[in-house]
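**Q** Before I ask anything, let me first share the structure, which is written out below as structure tokens.
The values are calculated or read from the model by the stated rules, or taken from the named source; none is laboratory data. What you are looking at is a predicted structure, and each value in this text was computed from that prediction instead of being measured. Don't worry about glycine lacking a Cβ; one is built from the backbone with ideal geometry, like all the others, and counts go over all protein chains shown.
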Amino acid sequence: MIKVGILTSGGDCQGLNGAMYGVVKGLTETNKDKVEIYGILDGYTGLINGDYKKMKPEEFENILNFGGSILGNSRQPFKKINEPDENGKDKVEAMKHTYKELGLDCLVILGGNGTHKTANLLYKEGLNVVTLPKTIDNDLVGTDVSFGFQSAVDIATNTIDCIHTTAASHSRVFIVELMGHKTGWLTLHAGIAGGSDVILIPEIPYDLDKVVEAINKRINDKKHFTILAVAEGAISKDDAQLTKKQYKAKVASRRYPSVSYEIADQIQEKCGVEVRVAVPGHTQRGGSPCPYDRVLCTRLGSAAAQAIMDGKFGCMIAMINNKTKCVPLGEVAGKLKTVDPDSQMIQEAKRIGISFGD
Ligand code: F6P
């Protein structure tokens with residue numbers, strides 16, 4: 001009998017249920033009576049508090065196309081993982097305790113960046129861990145793509161498409177602010193797919209004068225509207241010079257809800273045109289996974305099942321050149337995959353006239 005625990009950690013995204021479906025089907029399709037599955041509720045919080053339930057393989061059926069996670073999600077920031085919780089509990093010891101109490105042979109962890117740091121820590125503490133890369137931010141090192149990303153790109157692109165028609169009718173400048181945390185993958189892909197005129201991402205700090213130049217050029221070319229795709233982490237050239245601490249303080253004292261509103265005000269002042277901001281926010285993480293993500297998460301989940309059966313632990317199941325691969329957690333944890341400002345994709349976008357404000 002093998003006992004497998006499974007949890008979904010960090011922010012949710014499309015494909016979590018599908019990946020669990022892949023893992024559980026992969027483990028039980030031919031060995032149904034030899035596998036016990038334990039669903040750990042609400043991510044690491046459930047592991048800390050011993051909140052889990054034994055689940056039948058059938059409970060993971062018919063969920064491939066459902067968004068969210070049937071197990072629930074929560075954030076347990078890695079930087080506080082060694083601090084006691086509100087009840088004075090040692091979180092790492094509590095997680096190890098739950099694992100041992102259940103007699104698990106393996107813990108499958110679905111998560112993004114922070115999740116992988118904790119997963120690596122648990123592995124180093126002696127737990128058999130296999131992880132799966134989920135994040136709409138696509139910022140995990142070691143895999144070409146994470147599930148959730150393509151679905152979020154679809155939603156973000158659809159938002160830009162919808163903004164396109166209203167921007168054209170009203171001859172307005174529109175900013176669509178997209179998620180992505182510290183990286184610009186989502187904004188870059190949706191920005192290009194949606195035909196944005198300006199794309200601002202954290203990896204390419206912007207100069208407001210260049211942004212204004214791009215808008216004025218369109219006005220002079222008799223193009224009466226402009227669409228900017230702005231990443232939530234977009235940063236100006238000046239702000240990029242600040243230390244992390246100074247920048248944090250500046251953001252905390254900013255009178256705008258986010259960077260896009262500040263840019264909107266600045267553009268309005270400099271160009272004298274009407275600017276509107278649209279923020280799709282968490283819709284980008286919601287709803288059903290797109291077909292690409294359904295295939296991706298099913299394949300990754302199935303490959304995780306194989307890794308478990310082979311006794312390969314301490315790794316993330318990645319997709320590299322369309323092949324699934326076990327990548328050691330040490331090569332993933334604590335690293336950020338960012339957009340290369342000199343990449344072909346950026347050059348190609350620039351060639352067709354997209355401004356990155358640099
Ligand atoms: O990491 C996924 C993500 O959606 C980021 O793009 C975003 O910055 C963050 O999570 C939002 O976090 P929360 O759901 O906690 O508001």
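**Q** Could you give me the residue pairs with C-beta distances under 9 Å whose first residue belongs to segment 132-155 and is under 23 Å from residue 308 (Cα atoms) and without any contact (Cβ under 8 Å) to a residue 40 or more places away in the chain, whose second residue is within 12 Å of the ligand (Cβ to nearest atom) and of a type in the set (S, T, N, Q) wherever it lies, and which are 6+ apart or on separate chains?
**A** Listed by first residue and then by second, the contacts come to 146/135; 146/138.
**Q** Something else about it: Within segment 215-222, is even one residue surrounded by 16 or more Cβ atoms within 10 Å (Cβ to Cβ), free of Cβ contacts under 8 Å to residues at least 24 places away in the same chain and more than 16 Å from the ligand (Cβ to nearest atom)?
**A** The answer is yes, given that some residue of segment 215-222 is surrounded by 16 or more Cβ atoms within 10 Å (Cβ to Cβ), free of Cβ contacts under 8 Å to residues at least 24 places away in the same chain and more than 16 Å from the ligand (Cβ to nearest atom).
**Q** Please work out which one of (1) more than 19 Å from residue 7 (Cβ to Cβ); (2) touching a strand residue (DSSP E or B) at 6+ places or on another chain (Cβ under 9 Å); (3) among the charged types (D, E, K, R) is the condition residue 105 fails and give its number.
**A** In the conditions (1) more than 19 Å from residue 7 (Cβ to Cβ); (2) touching a strand residue (DSSP E or B) at 6+ places or on another chain (Cβ under 9 Å); (3) among the charged types (D, E, K, R), residue 105 misses (1) alone.
**Q** Further question: Any residue in segment 166-183 that's of a type in the set (D, E, K, R): show its pairings with residues that are assigned to a loop (DSSP other than H, G, I, E, B) and away from the ligand (no atom under 16 Å from the Cβ) at Cβ separation under 8 Å, as long as the two are six or more apart or on different chains.
**A** Matching pairs, first to second residue: 172/225; 172/273; 172/274.
**Q** Under 9 Å between Cβ atoms, which residue pairs at least 6 apart in sequence (or on different chains) link something in segment 77-100 that is farther than 19 Å from residue 112 by Cβ with a partner that is at pLDDT 95 or above and of a type in the set (Phe, Trp, Tyr)?
**A** 98/52
**Q** Can you tell me which condition residue 175 does not meet? The list is (1) within 16 Å of the ligand (Cβ to nearest atom); (2) in a strand (DSSP E or B); (3) of a type outside the set (S, T, N, Q), and all the others hold.
**A** (1)
**Q** Which residues, taken from segment 264-306, are farther than 21 Å from residue 321 by Cβ, within 16 Å of the ligand (Cβ to nearest atom) and not aliphatic (A, V, I, L, M)?
**A** Residues satisfying the conditions are 280, 281, 282, 283, 284, 285, 286, 287, 289.
**Q** Would you call residue 145 under 19 Å from residue 20 (Cα atoms), surrounded by fewer than 24 Cβ atoms within 10 Å (Cβ to Cβ) and within 16 Å of the ligand (Cβ to nearest atom)?
**A** On the way: under 19 Å from residue 20 (Cα atoms): yes; surrounded by fewer than 24 Cβ atoms within 10 Å (Cβ to Cβ): yes; within 16 Å of the ligand (Cβ to nearest atom): yes.
Taking the combined requirement at face value, the residue satisfies it.
**Q** Go over the candidates 193, 152, 119 one by one and state the one that is away from the ligand (no atom under 16 Å from the Cβ) and either within 22 Å of residue 22 (Cβ to Cβ) or surrounded by fewer than 21 Cβ atoms within 10 Å (Cβ to Cβ) (or both).
**A** Working: 152 fails: away from the ligand (no atom under 16 Å from the Cβ); 119 fails: away from the ligand (no atom under 16 Å from the Cβ).
Result of the check over 193, 152, 119: 193.
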